[in-house]
Amino acid sequence: MIPEIKIIEFLLGIGVFIFILLNYSKLRSNPNLKIIIFAFYSLLLSNVLGILEELFWAEFINTIQHCFLAISALLLFIWFYKVFIKKEKDNEHHKYH
Amino acid sequence: MNIISIIDFITLFIVLITSIALLKFWKRSFKFNTKIILAVLLAVNLFHSLSNFLEWSGITSALDPYEDYIQILKPLLWFVLFYAFIQETSERKLKRSEKKYREAYNRAEFYKDLFAHDISNILQGILSASQLCKLNFENLDVLKELTNLIEKQVLRGSHLVSNIHILSQLEDNELFFQAIEVCKILKDSITIVKNTYPNKNIQIQIESINEKFFVMADIFLQRVFENILTNAIIHNNNPIVEVLLKISKEQKEGVKFLKIEFIDNGNGIEYARKEEIFQRGFKKDISVSGLGLGLSLVKKIVTNYNGYIWVEDKVQGDFSKGSNFIILIPEAS
């Protein structure tokens, strides 16, 4: 039996996925957008794996699911670094050149 | 410790680092609302990964009952984050568009004022001269003087139209610079200026450490030199117009520049007007005239090259001895 909460989370995730697809042209000008979108996709994939683990190969899929959660966090950190830290460093560099 | 708890510990560590970095660099990038959403998303991630780690490492499952609510929040927060991105993009576009239209409006106003002010003055000069011609029809000397005056006014109008054309080109075109040999352009400018004023006794000397210098510039560089040299000749009451061109190298904020000095024996520029002469432009008062559109155009061209231009007294503290126009243009590597 798949827990309801996982299905709701998955459906909400699909809703956000569709929202991104429909509004991609508006989002495109944001810096390093692909990184943060992939961070979200990793999270969505971990949701899918969370459902699948209830059906088969529970232990193996659960490990993969946690891996994707880690990847999502890592991608969010990379995006954050590029947008908040590196960009400002570059700006400071350009001030002097 | 099993493998999942190690993965969860790594996740927890990454989220923690990201959260601390967000707090440290809070003032940078993005609007306040977006950063608040990002902070909440990180807090939720932090709670989720902490709960996972505590559960899978066998420490405690106390956070487990709250995890369900947190899990529901995650996609919703991502949605709000992407929505905030879209809002920021729209605001940025709106600001850009506002700026563009404000610039276009200022430009239209500038051209309107320019025609109302300068062209009107030129036409008035021609009209007065032609009326005087009618009154002095039989005096050939006066007639010659008046036709010279008309000629000068026509030339002034022609220069003005040419400068407006360059200005509009500078505004519309994308910037593309190439390595340009300075001495050759300087020599061409000197020849043109000397030919324009055949009745003046002009002595221009070049003092340079090298024969050839290359800078990153474009075809408008010659216009810069011509403008400064013309000003040195026009605003000069001495029987002999003397201009010394000094070329040297200078380093400023880590960038290598070529320094070109135009030292003249002209009327000089009062201290109060030293900055004003470069300022006549779209955002400035049209009444700031005198040396006219020329120097504001020169400043615009030089600034486009990422260069600098300013004016000093030839003799420090005594402007009446002449001026020293100094230009810095980035060297071509």
Go ahead and set up a Gaussian network model of chain B, Cα springs under 10 Å, then flag whichever of B:VAL142, B:VAL161, B:VAL311 fluctuates most.
B:VAL142
How big is the stretch B:178-330 by Rg and Dmax over its Cα atoms, in Å?
14.9, 45
Between helix A:58-80 and chain A: long-axis angle, C-alpha atoms, 0 to 90°, nearest 10
20 degrees
How high is the relative contact order of chain B, in percent, with contacts defined as C-alpha pairs under 8 Å that are six or more residues apart?
13 percent
Please list the helices of chain B that count as membrane-span-like by this rule: a mean Kyte-Doolittle hydropathy of at least -1.0 together with Cα atoms stretching 24 Å or more along the helix axis, each helix being a complete DSSP H run.
B:3-24, B:32-56, B:64-114, B:140-172
Round to the nearest 0.05 the FRET efficiency obtained for B:PHE115 and B:ILE86 when R0 = 60 Å and r is the Cβ-Cβ distance.
0.85
Cα lying deepest toward the dipole's positive end in chain A, options A:LEU52, A:ILE8, A:ILE35, charges on Cβ:
A:ILE35
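Listed here are the pairs B:LYS27/B:LYS299; B:LYS99/B:LYS252; B:LYS249/B:LYS300; B:LYS24/B:LYS252; A:LYS34/B:LYS74; B:LYS246/B:LYS274; which of them are more than 24 Å apart at the Cα?
B:LYS27/B:LYS299; B:LYS99/B:LYS252; B:LYS24/B:LYS252
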Tell me, what is the FRET efficiency for B:LYS246 and B:PHE176 to the nearest 0.05, using R0 = 30 angstrom and their Cβ-Cβ distance as r?
0.55
What residue among B:LEU258, B:LEU295, B:LEU54 has the largest mean-square fluctuation in a Gaussian network model of chain B, using Cα springs under 10 Å?
B:LEU54
Relative to the Cα centre, what is the charge dipole magnitude of the stretch B:178-330, using +1 at the beta carbon of each Lys and Arg, -1 at the beta carbon of each Asp and Glu, and rounding to the nearest 20 debye?
280 debye
Footprinting proxy, A:LEU49, B:LEU76: sorted fewest to most Cβ within 10 Å, the residues are B:LEU76, A:LEU49
Between B:PHE319, B:PHE30, B:PHE176, which gets the highest mean-square fluctuation from a Gaussian network model of chain B, Cα cutoff 10 Å?
B:PHE30
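The numbers here are math on the coordinates, done by the rules we state, and not lab data. Just so you know, these numbers come straight off a predicted model, no measurement behind them. Every residue, glycine as well, gets a Cβ built from its backbone with ideal geometry; the counts of neighbours run over all protein chains shown.
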